[in-house]
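Worksheet for the structure shown next.
The values are calculated or read from the model by the stated rules, or taken from the named source; none is laboratory data. The shown structure was predicted, so the numbers you read here are calculated from the model rather than taken from an experiment. Here Cβ is always computed from backbone atoms with ideal geometry, including for glycine, and neighbour counts include all displayed protein chains.
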Amino acid sequence: MGAELLKLAESVARATGSLLMNRPDSFTLTEKSSAVDFATQMDKQAEEMIVKLLLAQRPDDGIIGEEGAARQSKSGITWVIDPIDGTVNYLYGLPGWNVSIAAKDKEGVVVGVVYAPTINALWSAVRSEGATYNGKKIKCNNPVKLENALISTGFSYNLNSRIAQGEVVSKLLPQIRDLRRNGAAAVDLCYVAMGALDAYFEESLKEWDIAAGGLIATEAGAKISGRSGGLPDGDLVVCAGAALHAALLPLL
């Protein structure tokens with residue numbers, strides 16, 4: 001089952017990435033939670049394409065999509081999709097935006113694929129079978145001392161949250177190697193998985209932000225939790241190797 005789902009997810013992600021690489025000359029923006037939280041016409045087209053391709057092969061599966069696609073599962077498998085993770089990067093022509101596709105069953109996420117065509121990157125994982133980057137097995141960095149850690153984060157669309165996040169960053173920055181802000185949650189999780197980052201944290205992530213990248217990171221040996229140390233609950237997601245995770249959590 002895992003191999004079949006993975007093959008489908010990878011092919012759909014690649015096809016959708018090809019669609020998105022043909023960037024339009026102009027964008028139509030649809031406001032979501034605030035003026036800086038929006039979707040483009042390409043987010044919607046990409047989600048429609050992903051749903052069509054998945055259901056053509058597996059018509060009884062469920063769908064949870066960032067842009068509103070919703071379908072109850074009859075098969076026990078539900079796809080969790082983010083058609084463009086990093087929409088601002090996509091709008092501005094910056095690299096790192098990606099297509100994120102995961103499949104889950106009653107026990108959790110079973111397959112995750114993150115495809116970022118601008119950086120020629122395909123990350124994949126099957127539950128209990130490890131994670132890969134462009135077909136090669138990957139592992140997170142562990143152990144890493146806090147003072148040597150390269151860490152990534154992202155910021156909320158909510159102004160009050162941004163103020164609080166700025167205060168956290170100002171306290172954290174003197175204690176670490178450096179900070180990155182790449183603009184795409186799924187790629188940040190995958191960067192931790194492959195050791196291109198030592199840790200990543202961000203508030204207010206949704207299921208489609210972390211479903212695929214989260215499996216890839218955990219299958220590469222990283223630990224993911226919320227602020228309380230349990231599973232991410234929408235409040236805060238912290239991803240790092242076990243040693244750094246333990247050192248970082250109390251500072252956030």
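Taken together, 56, 35 contain a single residue that is under 26 Å from residue 161 (Cβ atoms), without any contact (Cβ under 8 Å) to a residue 60 or more places away in the chain and loosely packed, with under 15 Cβ neighbours inside 10 Å, which is 35. Restricting the stretch 62-80 to residues that are touching a residue at least 24 places away in the same chain (Cβ under 8 Å) and not aliphatic (A, V, I, L, M), which is farthest from residue 109 (Cα to Cα)? Only one residue tops the list, namely 67.
No other residue among 100, 161, 156, 124 is assigned by TED's automatic domain parsing to the domain that holds residue 244 and within 19 Å of the chain's Cα centre (by Cα) apart from 156. Looking across the stretch 33-88, the residues that are out of contact with any strand residue (DSSP E or B) (no Cβ under 9 Å at 6 or more places or on another chain) and on the phi < 0 side of the Ramachandran plot come down to 33, 34, 35, 36, 52, 53, 56, 57, 59, 60. Just one residue in the set 152, 156, 228 is of a type in the set (Ser, Thr, Tyr), at pLDDT below 95 and surrounded by 13 or more Cβ atoms within 10 Å (Cβ to Cβ); that residue is 156.
Counting only strands (runs of 3 or more DSSP E) that sit completely within the stretch 41-136, zero hold 3 or more residues that are of a type in the set (Phe, Trp, Tyr).
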